[in-house]
Amino acid sequence: MDNHNDRKIAYFSMEIAIKSDIPTYSGGLGVLSGDMLLSAAEMEIPLVAVALTYSGGYFYQVIDHDGAQFDKPLRWEFTDEFYKCRKSVVINVYGKPMKVQCWHYNIVGKTGYEVPIFLLETNVDGNEDWMKDLCRMLYDSQRPEIRLMQEMVLGIAGVKFLDIHGMENLETYHLNEGHAAFVTLELLKKLKNIQKVKDRCVFTTHTPVPAGFDIFSYDLVHNVFHDQLPPNIRDLAGHDALNMAHLAANLSGYINAVSKKHRVISEVLFPGKTIDYITNGICVDRWVSPYMRELYDRTFRGWVYRPDMLKNIYQINSVALWTAHQKAKFDLLDYEKSHSHVLLDAKLLTVGWGRRITEYKRPTLIFSDIDRLGRISQGKVQFIFAGKTHPQDNYGKQLIKNIYDASEYLWQNYRVRVAFLENYDMDLAKLMVAGVDLWLNTPRCTLEASGTSGMKACLNGVPNCSSFDGWYIEGMEMDSEAGWTFGPRPEGTSCTTDDKSDANDFYQLLENEIIPMYYERRNEWIDRMKRAIKLVSYFNTHRMVREYATKAYQLEYQPRWKSVKFKWIDSIK
Ligand SMILES: *Cc1c(COP(=O)(O)O)cnc(C)c1O
């Protein structure tokens, strides 16, 4: 394997969505990690990434005729793009040695600069059968011991891997979410000094609710770790139970949230800690539709390296923009027709909702008063939904059923079409965010740390209609006419609202503003499309990585990422 001893930063993440045929991600967190690494490779950031692989993938989603989700393990294997590392490492679980091996993949930037990713797995000859099976599934909520050991693989075996590959002296260890917190324990063992660990660790928190933190009972932790824990573990990780997020926060010298609003929430979740924020972004090169790319390429040469150029979107011709969007819409509807029994109509305003299906994201919010939605939408609006729910999330499964029932009802009573597309993944996401006319985002206020799918939509000229939450609050501060919002604006850390009044707000917006503008004032609609695109001059991972580089990694002047070639980085605000 190549020598990576110029590396300064290691980035640890439970999931990294490298591309769609490496299915080891569940949603936004993994996609964000992937986007970040793609931008880091373009910007020549001396970074190496560590993640796990899951032999069953996340899963393939099939839905039966009345809306029940079935999950099938994916059949996939590493291809020859991956290099199997010859050396493996050993960690101890339940007092037994367990081998961890690793696949190596390089993300290569346009200049040829490589960001290596180490993907760890335990399916190794010589391991006991249950160990081989350990990394089969992502986020097992029913067997905490599996999750605990997976996180040991990420944090402890991860650091050992870097060590044996000549990266034992990195400046920064970036823990992306609390899952990676065991990195701190391995470093503590090596450095024997808490301050030294803190000087090297950076922690990004991604959840706004304590229930989002991984918590393990000390009984379990002691059983699995045996004598490998520091004696003061309860001071570091919590008195009653081991809290991964608190362990990470207590041993990191820099902590950041992922949006401005999420910082305020996180300050309450981590009392006494100083918390910065670096708002998420997207890698524009990965998420732009072919038609928009062509359009932007013509006007903004090199814009994928300098997404800030999108702020000049008014140089783009409105008719050309509309035409490019229609092409993306036809692509989506083409796909849709061969994957759903609900045949959509290209002339109608098409609203899209796609992301993980989970309670707080409220996929069924707009069906609260279904007859009202039917009356408003009749002959005017159609909907496309997509999203997987975690195989162990029964409530999520019920939500998918509810969408199917609503689809049936709206068709029977109002001839309103609601399609559900199976198996939401990055490919389908890319088609949807570009091909619908309006992107719907419905998180219950304050529960979305950031969200990124709305940025992908904006990039493709698809404005959002969203509750006030996550990144969108900042987007609306920049330009309140770049999309639409419903429901209340959060005050500090709280938000007084209920689903019913949020839904009423939405209906009123759809009926009185969105539908009339789409059909009767096309120029104003196209203006919103442009304003949406302009937001991405800021909400992209090039800007985000630059912030991590300066604030979290404190990279000194690095000719490699601030060379003449990349002077533009300085020009981004
Ligand atoms: C971008 C993306 C997400 C994140 O969606 P949010 O609306 O930000 O939660 C989830 N899944 C896939 C496949 C994505 O591409």
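The values are calculated or read from the model by the stated rules, or taken from the named source; none is laboratory data. A quick note: this is a predicted structure, and the numbers were derived from the prediction, not measured. FYI the Cβ positions are ideal-geometry reconstructions off the backbone, even for glycines, and counts take in every protein chain you see.
Quick notes on this structure:
- Residue within segment 385-392 that is in a loop (DSSP other than H, G, I, E, B), away from the ligand (no atom under 14 Å from the Cβ) and not charged (D, E, K, R) present: yes
- Extreme residue, nearest to the ligand (Cβ to nearest atom), among residues of segment 333-362 that are of a type in the set (Lys, Arg) and without any contact (Cβ under 8 Å) to a residue 40 or more places away in the chain: Lys337
- Each residue in segment 387-441 was checked for being in contact (Cβ under 8 Å) with a residue 60 or more places away in the chain and of a type in the set (Ser, Thr, Tyr), and 4 pass.
- Among the residues of segment 74-93, the one identified as at pLDDT 90 or above, surrounded by fewer than 17 Cβ atoms within 10 Å (Cβ to Cβ) and in contact with a Lys or Arg (Cβ under 9 Å, 6 or more places away or on another chain) is Val90.
- Check on Ala237, out of contact with any His (no Cβ under 8 Å at 6 or more places or on another chain) and in the same structural domain as Gly27 (by TED's automatic domain parsing): no
Quick grid of which residues meet (1) of a type outside the set (Ser, Thr, Tyr); (2) more than 28 Å from Ser450 (Cα to Cα); (3) at pLDDT below 95:
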| position | (1), (2), (3) |
| --- | --- |
| Asp334 | yes, yes, no |
| Val342 | yes, yes, no |
| Phe383 | yes, no, no |
| Lys388 | yes, no, no |
| Tyr395 | no, no, no |
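- Considering segment 184-206, and only residues there that are touching a residue at least 60 places away in the same chain (Cβ under 8 Å) and touching a His at 6+ places or on another chain (Cβ under 9 Å), the residue that is farthest from Ile156 (Cα to Cα) turns out to be His206.
- Selection count, segment 421-444, where residues are closer than 17 Å to Phe59 by Cβ, in contact with a strand residue (DSSP E or B) (Cβ under 7 Å, 6 or more places away or on another chain) and of a type in the set (A, V, I, L, M, F, W, C): 3
- With respect to the conditions (1) within 16 Å of the ligand (Cβ to nearest atom); (2) surrounded by fewer than 21 Cβ atoms within 10 Å (Cβ to Cβ); (3) in a strand (DSSP E or B), Gln101 lacks only one, and its number is (1).
- Against the test of being under 25 Å from the mean Cα position of the chain (by Cα) and among the polar types (S, T, N, Q), the options Thr299, Thr279 yield a single qualifying residue, Thr279.
- When Gly451 is tested against (1) more than 16 Å from the chain's Cα centre (by Cα); (2) closer than 30 Å to Asp64 by Cβ; (3) part of a loop (DSSP other than H, G, I, E, B), exactly one condition is not met: (1).
One line per residue, one yes/no per condition, for (1) touching a residue at least 60 places away in the same chain (Cβ under 8 Å); (2) surrounded by fewer than 21 Cβ atoms within 10 Å (Cβ to Cβ); (3) in contact with a Lys or Arg (Cβ under 6 Å, 6 or more places away or on another chain):
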| residue | (1), (2), (3) |
| --- | --- |
| Met244 | yes, no, no |
| Val264 | yes, yes, no |
| Val288 | yes, no, no |
| Asn312 | no, yes, no |
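- Answer residue from segment 412-432, given it is outside any strand (DSSP E or B) and touching a Ser or Thr at 6+ places or on another chain (Cβ under 6 Å) and is farthest from Ala457 (Cα to Cα) among those: Val416
- Here segment 479-505 is the region considered, the condition is being assigned to a strand (DSSP E or B) and not charged (D, E, K, R), and the residue that is farthest from Asn317 (Cα to Cα) is Ser494.
- Number of positions in segment 7-25 that are within 16 Å of the ligand (Cβ to nearest atom) and under 25 Å from Glu186 (Cβ atoms): 7
- Selected residue (only one of Thr274, Thr279 is part of a loop (DSSP other than H, G, I, E, B) and crowded, with 17+ Cβ neighbours inside 10 Å): Thr279
- Residue tally, condition more than 18 Å from Thr442 (Cβ to Cβ) and without any contact (Cβ under 8 Å) to a residue 12 or more places away in the chain, over segment 476-517: 6
- Residues of segment 428-465 that are farther than 21 Å from Ile515 by Cβ, more than 9 Å from the ligand (Cβ to nearest atom) and of a type in the set (Gly, Ala, Ser): Ala434, Ala449.
- Test: residue in segment 469-478 that is away from the ligand (no atom under 13 Å from the Cβ) and assigned to a loop (DSSP other than H, G, I, E, B): no
- Ile45 vs. criteria within 15 Å of the ligand (Cβ to nearest atom), in contact with a Phe, Trp or Tyr (Cβ under 8 Å, 6 or more places away or on another chain) and not assigned by TED's automatic domain parsing to the domain that holds Ser407: no
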